[in-house]
1. Within the stretch 353-392, track down each residue that is assigned to a loop (DSSP other than H, G, I, E, B) and modelled with pLDDT under 95.
2. Do we have residue 159 as touching a residue at least 40 places away in the same chain (Cβ under 8 Å), under 29 Å from residue 97 (Cβ atoms) and in a loop (DSSP other than H, G, I, E, B) here?
3. For the stretch 58-82, give me the residue count where each residue is in a helix (DSSP H, G or I) and surrounded by fewer than 18 Cβ atoms within 10 Å (Cβ to Cβ).
4. Considering each residue of the stretch 289-326, count those that are assigned to a loop (DSSP other than H, G, I, E, B), closer than 21 Å to residue 383 by Cα and in contact with a helix residue (DSSP H, G or I) (Cβ under 9 Å, 6 or more places away or on another chain), and give that number.
5. Looking at (1) outside the structural domain of residue 144 (by TED's automatic domain parsing); (2) touching a helix residue (DSSP H, G or I) at 6+ places or on another chain (Cβ under 9 Å); (3) crowded, with 17+ Cβ neighbours inside 10 Å; (4) part of a helix (DSSP H, G or I), which is the one condition that is false for residue 251?
6. Of everything in the stretch 109-127 that's surrounded by 19 or more Cβ atoms within 10 Å (Cβ to Cβ) and over 17 Å from the mean Cα position of the chain (by Cα), which residue is modelled with the lowest pLDDT?
7. With touching a residue at least 60 places away in the same chain (Cβ under 8 Å) and touching a helix residue (DSSP H, G or I) at 6+ places or on another chain (Cβ under 8 Å) as the only criterion, which of 274, 239, 218 stands out?
């Protein structure tokens, strides 16, 4: 049984902010249910508190442009950099505000991209969803690819009525390795892929986009002692040493100079606060931040992607552009974050070559540049076999599937 189901365990974890969340949920319960009686077909689309750049944003944009008859709302912090992206579509509400809490009880369908992060108070709301006390249908738009077991899609840890993927292989892994029922699986493609194209391609730009590391995650640290210890682990890690080493490599910078190339280095959202500690030795290498860059624009504009394990690789490969995996800490990653599964292998299923050594990686980058930054035919074939749809109709298919379970 999932720990999230055990009331006694959750009560022991209670903090002051949790009680505030419970009070707001209690105060909005009856008004929310009355609102639902008056307006029974409302949908909520969400991502994180301050973000609008994944499948949730693109699906919300589609809904507000193509299906204005449907009441759909998007919660986000109004002081976030992404607020300006969604406010133009209307029906945008403050994340964690009273209307957000009311909609938690009033919505007919709740549509999210990352497990429970779109709820007005995640920790408590997650339990209510698990205990089936909310009254809405929970739809998981998803945001990445499942290489094996993942708590995000584990049937014991979730309560989805629909679960979307972009690939039949992904759907099979979610069913086989995570226990989800085939009945809730759908493969319409990801909404964000509808607008992926190369109309702003810059053949002179390389993108380095590593994912985060669970064992040096700063987001839930509260004490100064915890934060100090975490920073020590960060600076001692291969994560910092290898990434900072790459952007300071004399050989790599010389290659960029000789060929008039530029690089954007962009940390995963969960690691963005570490950006200030990456200090490139060349002005040709820019360190990107959430407020300064759109991830989709970075993917569309860049000619080559260097990543480690990030699922952003699927967006890049979707455009048939070359990918390289730099997995400098594979032992730690598989031990502490994402254990390897039998259903996926980077060598057999990935969209590019895997490297563990900086010099070999740079060799491959130089060769790819000489070849015109073109994806090898072997990987193009994998792209064609992996993605079920390649036709810009993903949003429409997602909408039609949700309509089937929504209140008529």
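1. The answer is 387, 388, 389, 390, 391, 392.
2. On the way: touching a residue at least 40 places away in the same chain (Cβ under 8 Å): no; under 29 Å from residue 97 (Cβ atoms): yes; in a loop (DSSP other than H, G, I, E, B): yes.
No; evaluated as a whole, the condition is false for this residue.
3. Residues of the stretch 58-82 that are in a helix (DSSP H, G or I), as a first pass: 58-66.
Remaining after also requiring surrounded by fewer than 18 Cβ atoms within 10 Å (Cβ to Cβ): 65-66.
Going through the stretch 58-82 one residue at a time, the tally reaches 2.
4. Qualifying residue count, the stretch 289-326: 8.
5. Here residue 251 clears every test but (3).
6. Just the residues of the stretch 109-127 that are surrounded by 19 or more Cβ atoms within 10 Å (Cβ to Cβ), to begin with: 109-116, 118-121, 124-126.
With over 17 Å from the mean Cα position of the chain (by Cα) added as a condition, the list becomes 109-110, 120-121, 124-126.
Details: 109: 98, 110: 97, 120: 95, 121: 91, 124: 87, 125: 92, 126: 90.
Only one residue tops the list, namely 124.
7. None of the others qualify; the one that does is 239.
Rundown of residues vs (1) within 18 Å of the chain's Cα centre (by Cα); (2) over 29 Å from residue 171 (Cβ atoms); (3) at pLDDT below 95, yes/no style:
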| position | (1), (2), (3) |
| --- | --- |
| 289 | yes, yes, yes |
| 295 | yes, no, yes |
| 301 | no, yes, no |
| 307 | yes, no, no |
| 311 | yes, no, yes |
| 349 | no, no, yes |
| 398 | yes, no, no |
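The values are calculated or read from the model by the stated rules, or taken from the named source; none is laboratory data. This one's a predicted model, so the numbers in the text were calculated from it and none came from an experiment. Positions of Cβ are backbone-derived with ideal geometry, glycine not excepted, and every protein chain shown enters the neighbour counts.
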